[in-house]
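Taking it in order: structure first as C-alpha cells, then the write-up.
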Amino acid sequence: MDSHIPALFVILGGKIGLHAMRHHARGLGLDLREWRIVQVLGSDGRSTIFAIADRIAMDRGGTSRSVARLEKRGLVTRQDDPADRRRSYVELTDEGWAVHDEIARFALAREERLLRDFSAADSARLRRYLSALVAEADAMIAEGWSP
C-alpha cells in the first residue's frame, strides 16, 4: 500500500478528512459531509443534491440528509424544481456564506501547509497531475470500465 497510488490517495484523503473533522468541522458544529457540502456550494454556487453528491464523491441519500440538517440550521435553502419535482436546488444563505468563508480560510491555510516544501512549479505540476487523474477516474466511472 505504500507505493500503490490509489491506496495512497485513499490514505491521504482519509487523513485530510480526519484533520478537517478534528480541527475545524466539529468546532463549526458540522460533520465532514456537511463541511464538504458548504465548500462545494461556496465554490460552485447553486446546485442540485445529485450534483453535490457527485462532486464530493459521496452517496446521494446521505448527502440529501446532510442538506436537510444544513437547511434546519439555516445554512442553506432548498427550492424544488417546478419542472421536475424529484429535483431541488440548494444554495447557501448569508449565514452559510459566513461558515463557507471560515471553511475556505482553513482549507487554504491547510493547503499552504501541505505544500510548504514544494516549489511553485512543483505545486502547479501536482495540480495538473491530480486534475488529470480526477478526469480519468470520472471517465472510468462514466464508461463503467472494469479490467
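Do we find that residue 46 is surrounded by fewer than 17 Cβ atoms within 10 Å (Cβ to Cβ), in contact (Cβ under 8 Å) with a residue 40 or more places away in the chain, in contact with a Phe, Trp or Tyr (Cβ under 7 Å, 6 or more places away or on another chain) and more than 21 Å from residue 134 (Cα to Cα) in this structure?
In short, yes.
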Check: Does residue 33 satisfy the criteria of being among the basic types (Lys, Arg) and surrounded by 15 or more Cβ atoms within 10 Å (Cβ to Cβ)?
Finding: yes
Checklist line | Selection status of residue 125, part of a helix (DSSP H, G or I) and at pLDDT 95 or above | finding: yes
Notebook entry, point to check: Taking segment 62-72 as the search range and keeping residues that are exposed (fewer than 15 other Cβ atoms within 10 Å of the Cβ) and over 16 Å from the mean Cα position of the chain (by Cα), which one is farthest from residue 41 (Cα to Cα)?
Noted result: 72
Notebook entry, point to check: Among 88, 123, which is the only one that is without any contact (Cβ under 8 Å) to a residue 60 or more places away in the chain, over 20 Å from residue 39 (Cα atoms) and more than 15 Å from the chain's Cα centre (by Cα)?
Noted result: 123
Next item on the list: Within segment 3-15, identify whether any single residue is of a type in the set (Ser, Thr, Tyr) and either assigned to a helix (DSSP H, G or I) or under 18 Å from residue 93 (Cα atoms) (or both), and answer yes or no.
Entry: no
Checklist line | Single residue of 38, 76 found to be under 14 Å from the mean Cα position of the chain (by Cα) and modelled with pLDDT of 95 or more | finding: 38
Next item on the list: Filter segment 81-97 for residues that are surrounded by 12 or more Cβ atoms within 10 Å (Cβ to Cβ) and either at pLDDT 95 or above or not small (Gly, Ala, Ser) (or both) and give the result.
Entry: 87, 89, 90, 91, 92, 93, 95, 96, 97
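The values are calculated or read from the model by the stated rules, or taken from the named source; none is laboratory data. Only a predicted model underlies this, so the values are computations on that prediction, with no experimental measurement involved. Positions of Cβ are backbone-derived with ideal geometry, glycine not excepted, and every protein chain shown enters the neighbour counts.
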